[in-house]
Every structure is written in structure tokens, then in C-alpha cells.
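Notes for the one structure printed next.
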Amino acid sequence: MTRLISTILALTMLLCINFPSICSQVPVSDSNSTIRRTVSSSGQGNIKLPADQATIVFQIVTTARPQEAFAKNEQVSAQVLTSVRSINGVNDSDIQILNINLAPHQDYVKNSTFEGYVQNGYDAIRTVQITVNDVTLVPSIVATIINNGANRLSSVSYGLQTSTQTTAELTTLNLATTNARQRALSIVNALPGLTLGMAISASEGSVIVPQPVFLSQNTMKLAATPSVSTGTPEAFAPGLIEVSSTVTTLFEMVPTAMMV
């Protein structure tokens with residue numbers, strides 16, 4: 001078998017010597033021709049848009065003996081929620097009771113014979129959340145709940161409705177992809193003899209939709225804050241929500257001559 005292979009190779013060499021045109025048509029493997037040149041780049045897309053949803057979380061706290069604390073809490077809560085429902089634009093579905101708790105109430109005492117906390121009845125605590133799709137209602141809602149008996153304002157936060165957020169995310173992904181291609185093009189333009197080719201792959205990175213808390217307080221004397229209790233609009237400026245997305249892409253780089 002070895003002798004046969006040697007004979008075939010010898011005949012092939014003889015043919016190439018006498019008939020070079022035959023051998024010139026035999027393709028020769030070029031390792032460089034199989035290398036796929038690529039460039040990867042990341043892009044970012046950002047947009048800012050006004051908040052179109054607001055969430056208000058507050059508490060109604062009443063202090064007394066356990067049964068009296070609950071009864072008083074129900075009475076005050078009914079007054080607060082009835083007043084909120086009277087606001088045009090607030091629906092029953094916008095209001096949610098998050099939890100109802102009963103906890104010992106402690107007062108800090110300091111005198112000539114004692115310094116420390118002393119239990120003095122119980123706190124009945126009802127936590128309520130209101131979510132509205134009209135941020136202009138926030139000042140009147142906050143003023144209404146405070147003036148009708150709510151005594152702890154936990155937070156007022158602004159965000160985006162689901163449909164608005166989805167549209168914003170798709171927009172930023174489009175911007176991020178365009179930005180990634182522009183960055184890849186800038187890289188390739190600096191490389192002599194190469195041109196940006198077709199996209200090979202693209203992957204979505206992070207999509208960030210921050211929902212900052214505008215106001216966070218835990219006080220029993222909110223009514224003493226005029227800008228809050230009177231519902232001054234300037235005290236509740238929602239600002240803009242920034243949505244950000246990132247995309248990573250991979251493009252082919254081809255010799256300039258191949259693009260002609």
C-alpha cells in the first residue's frame with residue numbers, strides 16, 4: 001500500500017512538471033482565507049420623559065387600649081378614604097390597604113428618678129397605598145389625607161405606566177443598537193483596508209427604569225408643613241424619568257475590495 005501511494009505521488013509530480021497548467025487549477029488551501037474578521041461593540045440608548053404615574057403610601061395611626069385603638073383607627077380611616085374617593089380621578093381600584101398592625105406604644109420619659117421608654121397603650125397602624133395615573137392629583141390627594149386624619153406619610157414616588165414603560169424600553173433598545181453600529185463603524189474606519197460588513201449577532205444588555213422616591217417622611221406632625229398640608233403643587237414636582245438600555249453587537253469586517 002505504501003508503495004502504491006509513493007507511485008501516485010511520483011506520477012503527480014511528473015505531471016506537474018510536464019503539464020504545469022493542470023496543477024495551477026488545483027485549489028490550494030489558504031489558512032488566512034478561512035479567518036472571519038469581526039468587531040464587537042456596545043451601545044447605549046437613553047430617553048427622558050415625564051412621569052405619568054404616582055404612588056402615595058401613608059399611615060393612619062391611633063393610640064389607645066387595643067380594642068379602642070382599632071375602633072378609632074377604623075373611624076379615622078373611613079373618613080380619610082371617603083375624602084380621597086371624592087377627588088375626581090381617584091377610583092376605588094386605585095386604593096389598596098397594605099396592612100393593619102397593632103403594636104405597643106412607647107413614650108420616652110425622663111425625670112429625676114427614671115429615664116427610658118414606658119409603654120402607654122397600643123398603636124393601631126393602617127398602611128394605605130394610592131396609585132394614580134394623573135400626577136397632577138398628588139398635591140390634592142396628600143392635602144386631603146393629611147387634613148382628614150392621616151398622620152404618617154411614608155412616601156410619594158413617581159414612575160411610568162406599564163404601556164409607557166414598554167414603549168420607552170423599545171425606543172431605547174433601538175437607539176442603543178444604532179449607537180452600537182456607529183461605534184463599530186468608527187472602529188473599522190480606523191483600520192486600513194477593512195469595511196464594516198453584516199451583523200453577526202446582537203444581545204440585549206440592561207434596561208434601567210429608575211423610580212425615585214420623591215418624599216419620605218415618618219412623622220406625626222405632617223399637617224405642620226404648609227406646603228404639604230395645603231397641597232402646593234411646587235412641593236410635588238415629579239420631574240423626568242430616564243430610561244436607559246444597552247446592547248452588545250458583533251459585526252463582520254470585510255476587505256474593502258470585496259465591497260465594490
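The values are calculated or read from the model by the stated rules, or taken from the named source; none is laboratory data. Note that this is a predicted model, so its numbers are computed, not measured. In this analysis, Cβ positions are derived from the backbone assuming ideal geometry, glycine residues included, and neighbour counts consider all displayed protein chains.
List of remarks:
- Among the residues making up the range 130-157, those that are touching a Leu at 6+ places or on another chain (Cβ under 6 Å) and over 11 Å from GLN59 (Cβ atoms) are ILE146, VAL156.
- Close pairs (6 angstrom Cβ cut-off, 6 or more residues apart or separate chains): over 30 Å from ALA78 (Cβ atoms) in the range 94-115, part of a strand (DSSP E or B) and of a type in the set (Phe, Trp, Tyr) anywhere: TYR108/TYR117
- Only a single criterion out of (1) within 30 Å of THR249 (Cα to Cα); (2) outside any strand (DSSP E or B); (3) hydroxyl-bearing (Ser, Thr, Tyr) is not satisfied by SER112, namely (1).
- Condition check for SER86: more than 18 Å from SER154 (Cα to Cα), surrounded by fewer than 16 Cβ atoms within 10 Å (Cβ to Cβ), assigned by TED's automatic domain parsing to the domain that holds GLY149 and small (Gly, Ala, Ser): yes
- Scanning the range 200-258 for residues that are modelled with pLDDT of 70 or more and over 24 Å from the mean Cα position of the chain (by Cα) yields ILE200, SER201, ALA235, LEU250, PHE251, GLU252, MET253, VAL254, PRO255, THR256, ALA257.
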